[in-house]
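What follows is a short report on a single structure.
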Amino acid sequence: MGKTNLDEFAMGSGSIDGIFGPVKNPWGYSEQYRERLGQDHKREDSDWVIAGGSSGGSAVAVASLTCFASLGSDTGGSTRNPAALCGIVGFKSSYGLLSRHGLVPLVNSMDVPGIMTRCVDDVSIVLGALAGHDPKDSTTIQDPFEPFELPDEIDVRNLCVGIPKEYHAPGLSTEGLKSWTKAADLFENAGARVVEVSLPHTPYSIVCYHVLCTAEVASNMARFDGLEYGHRSEVETSTEALYAATRHEGFNDAVRGRILAGNYFLLKQNYDHYFIKAQRVRRLIANDFLKVFGSGVDVLLTPTTLSDAATYLEFIKEDNRTRSVQEDIFTQSVNLAGMPAVTVPTVLSRRGLPLGIQFIGQAFRDKQLLTVAKWFEQQINFQCINLQGLLNNCDELHKPDISKIVMAPTV
C-alpha cells in the first residue's frame, strides 16, 4: 500500500501542479504511442504526455501495472478524467455509498472517493470492501451494503440507453464523437433501446460547479492557517503576518486563485447573486437527471473527455482554470447530482492514446451501472498497454559499462 501524486489539494485536471512534481502518462512511453509518432520524430524531454487529474498518480499506478487498484478523489471528475486518459476503468459511486472519512475535504457536498482498476470486475471487488455506513461520515447510507459479483452472461435487450444531446459539446474531437457513436451502435445492435434525451440545464453546469466548488474550497482551506497543523511560515512579526505568509507559501497559484474566487462569491453583497443562484441551478441539474431516469432510461452514455491526452507543452498553453473547464465538461454534472458514473476505455486514438466512454447511472443503482459497463467492456476488448520498449531501455540503463570499470589492484 502506498500514496501517489496528484494536483495540489486536488485542484487541477492534469496532475502537473503537485508539490512532488508532475505525473507522466505511461501511454506516452508505450509502443503503441511511439509507433504512431514515427521513427523520425524527435520529442523534447519536456514534451511528455499528461496523465489527467487531479488523481493522476493513482491512475498511472494502475495503468503502468504497478498495482491492482487505486483510490482517488472525485469532486468533478478527478477519478474519471485520468482513468480515461490512462486507459483504465474509473468509477465514481453514488454520493453516500463510500465514506469520505480520510479524504482531505475539498467540496464536502460533491467529494466522493473514486476507484481505479484495469477492469470493471475489479471495481466491484474494491467497492464491496469499502462501501456501506461509516459512523465517522454522517453522509454515508444507513442501510447495510451487500457486496456483489457481476454476472458473466449479460443481456442488454431490455436496457434503455440514453444519449444526452447536450453532451455533443464544442471542442469534442472527431475521434471522441466517433467512439461515442460506435458505443451507441453496439448497444443498439445488441437489442438495447437507444434514445436521444435532453438534460437542458447541462450547459450551465460547469459555471454552477465552479461557483459552488470555489465557495466550499474557501471554507475548507480556512483551516490551513499555520497554527493548528500543516505548513507554518517563519514570519513572527504578528499573527496576521503569520497567517498571510503561511497561506502564501503553503498554497500554489491555482489553490490561491480558487480561495480568492470562493471568498468573493461568499461576500455578503454577492452571496445571493452567486452562491444561492448556483444552488438553485444545481437543483435544476439534479432534476434533469431524475426526469430522464424517471422516463424509463436505465443508463446514460456520454464521452468522458473532449479528446485524448495532451502533451505537456500543449496543456500548459491554457491556465489551470481554463483547462479545468475543458476537462470537467462531461464529468462534473454527475457530482452536482450525486449520481454514479464509470468510464471504460474504448479505443486508441490515431496518436496511439486511449479514449474513454462514460456511463451514468441512477442513484444507488451502482450494480446495474457496473453490469452495463462490464458488458460494454466485453464487447470492446481494449488492448493492454505495451511498455516493452521502456523496459528494455531500463535494462540497458542498469547494465554496467564494463569498459569503464576500474579493477582494484590485487595485493
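Table for the structure above
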| read-out | value |
| --- | --- |
| Residue match in segment 140-158 (condition: buried (at least 17 other Cβ atoms within 10 Å of the Cβ), farther than 22 Å from Leu301 by Cβ and polar (S, T, N, Q)) | yes |
| Filter result for the condition that a residue is touching a strand residue (DSSP E or B) at 6+ places or on another chain (Cβ under 7 Å) and crowded, with 21+ Cβ neighbours inside 10 Å, over Thr311, Thr304 | Thr304 |
| Whichever residue in segment 248-286 is among the hydrophobic types (A, V, I, L, M, F, W, C) and open to solvent by 50 Å² or more (accessible area, probe 1.4 Å) and, among such residues, is farthest from Asp319 (Cα to Cα) | Leu284 |
| Residue satisfying condition, being in contact with a Gly (Cβ under 7 Å, 6 or more places away or on another chain) and either at negative phi or of a type in the set (S, T, N, Q) (or both), within set Phe224, Phe187 | Phe224 |
| Spans of helices (runs of 4 or more DSSP H) in segment 49-158 with at least 3 residues farther than 20 Å from Leu369 by Cα and free of Cβ contacts under 8 Å to residues at least 60 places away in the same chain | 56-63 |
| Within segment 228-247, considering residues that are of a type in the set (A, V, I, L, M, F, W, C) and under 21 Å from Ile19 (Cα atoms), the one surrounded by the fewest Cβ atoms within 10 Å (Cβ to Cβ) | Ala244 |
| Selection status of Val342, modelled with pLDDT of 95 or more, assigned to a strand (DSSP E or B) and not small (Gly, Ala, Ser) | yes |
| Residue among Val297, Val347 that is open to solvent by less than 10 Å² (accessible area, probe 1.4 Å) and in contact with a strand residue (DSSP E or B) (Cβ under 9 Å, 6 or more places away or on another chain) | Val297 |
| Verdict on Val161 being in a loop (DSSP other than H, G, I, E, B) and either in contact with a Leu (Cβ under 7 Å, 6 or more places away or on another chain) or open to solvent by 30 Å² or more (accessible area, probe 1.4 Å) (or both) | no |
| Residue that is surrounded by the fewest Cβ atoms within 10 Å (Cβ to Cβ) [pool: residues in segment 181-197 that are outside any loop (DSSP other than H, G, I, E, B) and small (Gly, Ala, Ser)] | Ala184 |
| Count of segment 321-339 residues which are open to solvent by 10 Å² or more (accessible area, probe 1.4 Å) and part of a loop (DSSP other than H, G, I, E, B) | 3 |
| Residue that is most open to solvent (accessible area, probe 1.4 Å) [pool: residues in segment 351-394 that are assigned to a loop (DSSP other than H, G, I, E, B) and aliphatic (A, V, I, L, M)] | Ala363 |
| Any hit, segment 205-221, residues being in a loop (DSSP other than H, G, I, E, B), in contact (Cβ under 8 Å) with a residue 40 or more places away in the chain and under 23 Å from Val292 (Cβ atoms) | no |
| Total residues in segment 95-128, condition within 15 Å of the chain's Cα centre (by Cα) and among the hydroxyl-bearing types (Ser, Thr, Tyr) | 1 |
| Failed condition for Glu318, given (1) touching a residue at least 40 places away in the same chain (Cβ under 8 Å); (2) open to solvent by 50 Å² or more (accessible area, probe 1.4 Å) | (1) |
| Conditions (1) of a type in the set (Ser, Thr, Tyr); (2) in contact with a strand residue (DSSP E or B) (Cβ under 9 Å, 6 or more places away or on another chain); (3) open to solvent by 10 Å² or more (accessible area, probe 1.4 Å); number of the one not met by Ser54 | (3) |
| Hits in segment 164-174 - residues which are surrounded by fewer than 18 Cβ atoms within 10 Å (Cβ to Cβ) and of a type outside the set (S, T, N, Q) | Lys165, Glu166, His168, Ala169, Pro170, Gly171, Leu172 |
| Counted residues, segment 86-124 - those being closer than 18 Å to Pro354 by Cβ and either open to solvent by 10 Å² or more (accessible area, probe 1.4 Å) or modelled with pLDDT under 95 (or both) | 4 |
| Hits in segment 169-180 - residues which are modelled with pLDDT of 95 or more and either part of a loop (DSSP other than H, G, I, E, B) or aliphatic (A, V, I, L, M) (or both) | Leu172, Ser173, Leu177 |
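The rows are residues; the columns are (1) among the aliphatic types (A, V, I, L, M); (2) modelled with pLDDT of 90 or more.
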| site | (1), (2) |
| --- | --- |
| Ala373 | yes, yes |
| Leu391 | yes, no |
| Leu397 | yes, no |
| Pro400 | no, no |
| Val411 | yes, no |
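The values are calculated or read from the model by the stated rules, or taken from the named source; none is laboratory data. Bear in mind the structure is a predicted one, so any value in this text is a computation, not a measurement. Reconstructed Cβ throughout: ideal geometry from the backbone, glycine too, with neighbour counts over all protein chains shown. Just the protein is used for accessible areas: all its heavy atoms, side chains included, with ligands, DNA and RNA removed. Shrake-Rupley method; radii C 1.70, N 1.55, O 1.52, S 1.80 Å.
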